[in-house]
Each structure stands twice: as structure tokens, then as C-alpha cells.
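One structure is given below, encoded as C-alpha cells.
FYI, it's all coordinate maths here, none of it is from the lab. Remember, it's a predicted structure, so these values are computed and weren't measured experimentally. Backbone-built Cβ (ideal geometry, glycine too); neighbour counts: all protein chains shown.
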Amino acid sequence: MISDRFYVYIDSKKRLAGSDSSFKYEIKYPPGMTYKYVCVLRVSIPKTYYIINKPHNYFILREVKDGVQSESRIEVPIGNIGRSKFVEHMIHYLNVNSSYHWTYNITYASYDDFDDGKFGFTVEGKDEKDSAALVFHDGLYEQFGFDRNSVNEFDNDGFLESSGVVKFQAEDILYLHSDLVQKAKRSILQDVYAANTPTSSNIVWECHSLECNSKELNGNNEGPMFSLTDENFMPIDLNKGNMCITLLFYNGGTSSP
């Protein structure tokens, strides 16, 4: 049996400070008690975050003509979008932002063809000695099918293909962080997988093994911070949807919660 159980029920709406995605919360421990371990028993996270989010909702169109380089920062509206509409908008953005008025196009497999999940990009109007590239930092690279922090150049024939399959699923791996467990890697309190949860519904995770999911406490912290990130530790914006967490503090044993 576990000893000295203490349950805490957290609602991000009742935070001391911050937002629903990153907040400070008051925990009132029983007088005279200190605890060694903490475990997330349950968490409910609204899947109200977007596929495309600020401040990483941009990419760079880099063009070089006659040795003169031009870079256009192309900002994309935040929100959710499917593949076909995304392609339609990106073709428009590329063409209106081309410094040298080159013509860009994006294609992908039709419904009655084998679909490799990649985009094909073309540019017309440039000479062989000229160059064009799509540059990505911390955002939009998954939707285009490229790597994070990558420079992707069109070949001499004006063609470029996605290096990987494009992704139009909202973040499917979430990390709940807290300074309650600062000794843990990146202070990760719990990882949550959300691929099977539809947009605008709630991601619900429950603990089935106290031993596997418990973390050693970094002392009794009466005003701990909680935050939600993706697998690259980029903040997740829940757009004012509240997150609920049930925590168990205890001192020993590994039986069921």
C-alpha cells in the first residue's frame, strides 16, 4: 500500500497567474507533511490548439537572380486547414511574394492515383544560374513535408519535392511540464499521446501504473508552474480551453492509485 496519500485537483481556470497552457497554481499541503513522489492520475486537455500557430506561422522564400539574393517572409494565418486548401493558399502566397515575379506551383497525387503523401513544387521564370529555396525554422515544415530548420532548394529544372510525408494532424504528442519535478528531464511531469482524439474534443489520459508514471518531487512547492508543449518543447496554445489535472502526492509504495 502507498502511504500518506494526498490528492490535488487542478483546473487551469483557477490558476494564480498565466494562461490555460502555462500557469502558476496554489497547492495547500496538509500541515507538517512532506512528500517524496508525485504522479499524474488523470489529465483532460481540450484539443483546441491549431495545426498552424503563432509565432511560428511563417516560412522564407529565398530567391537569387543574377547573384542578388532576396528573402520574403511569408506569414500564414493561424488555424486548422486541410491539404487541398493549404496548397491553394500556398501557391497564392508564393506567387505574390516572389521578388522576381517567378511562377510557383504545388502538386500532389489525385484521388484516383497512388498517393505518397508528398508535395511537388515547381518554379518557372528563373534561369539555370538562378536559384530558389524554401526555408523553415520552427513552424510549417511539417505541413510542407520538410525538416525543422532546413533550407530546401529547387533543382536546375525548377523542381523540388517534399523530403517526407506532409502532416495535417494537430500536435499528437504533448508534454506536461512542472517545476514540481525539476530533476526530471526538461521537468516533464507526464507525456500524453493525442493522435486518436478528434479536433475540438478532449484528450483524456489516465494512469494505469503508479510505479511507471511517478516522479520524484523537488520538495513541497506551494506555487508550482505547469505548462504544455509539443515534442520540440514549443508552447501549446489551448486558446482559452481549460486543462484539468489530478495529482497524487505520496511517500512510499507502488500499489494502485
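In terms of its C-alpha gyration tensor, segment 1-60 comes out prolate, because a/c is 1.5 or above and the ratio a/b outweighs b/c. A Cβ-based charge dipole, computed about the Cα centre of segment 40-153 with Lys and Arg at +1 and Asp and Glu at -1, lands at about 680 debye. The region of the chain that goes longest without hitting one of the GluC sites (Glu not before Pro) in a DSSP loop, each with at most 14 other Cβ atoms within 10 Å, is 27-127. Counting only alpha carbon atoms, the long axis of helix 83-97 and the longest principal axis of the chain meet at about 60°. If R₀ is 51 angstrom, what is the calculated FRET efficiency for the pair Lys36 and Glu75, using the beta carbon separation as r and rounding to 0.05? After rounding, the FRET efficiency stands at 0.60. Per residue, the convex hull around the alpha carbon atoms of the chain comes to 143 Å³.
Mean projected area of the convex hull spanned by the Cα atoms of segment 58-161, taken over all viewing directions: 6.6 nm².
Take the Cα coordinates of segment 179-240, assign each an equal point scatterer, and use the Debye formula without solvent to give log10 I(q)/I(0) at q = 0.12, 0.27 Å⁻¹. With one equal scatterer per Cα and no solvent, log10 I(q)/I(0) is -0.38, -1.33. Helix content alone sets the calculated 222 nm mean residue ellipticity of the chain: runs of n ≥ 4 DSSP H residues at -39500 (n - 2.57) each, divided across all residues, give -2500 deg cm²/dmol. Listed cross-link partners Lys13/Lys85; Lys54/Lys215; Lys13/Lys54; Lys129/Lys167; Lys13/Lys47 are compared with a 26 Å cut-off, the Cα-Cα value being larger for Lys13/Lys85; Lys54/Lys215; Lys129/Lys167. Applying 0.36 nm per residue to the separation of Thr122 and Thr107 and subtracting their alpha-carbon distance, the gain on full extension is 4.5 nm. If R0 is 41 Å, what FRET efficiency do you get for Val151 and Lys14 from their C-beta distance, rounded to 0.05? Efficiency for this residue pair is about 0.35. Summarising the label geometry, the points placed 7 Å from Cα in the beta-carbon direction at Phe159 and Glu231 lie 3.0 nm from one another. Using r as the Cβ-Cβ distance of Thr199 and Asn220, and R0 as 45 Å, what FRET efficiency do you calculate, to the nearest 0.05? My answer for the efficiency is 0.75.
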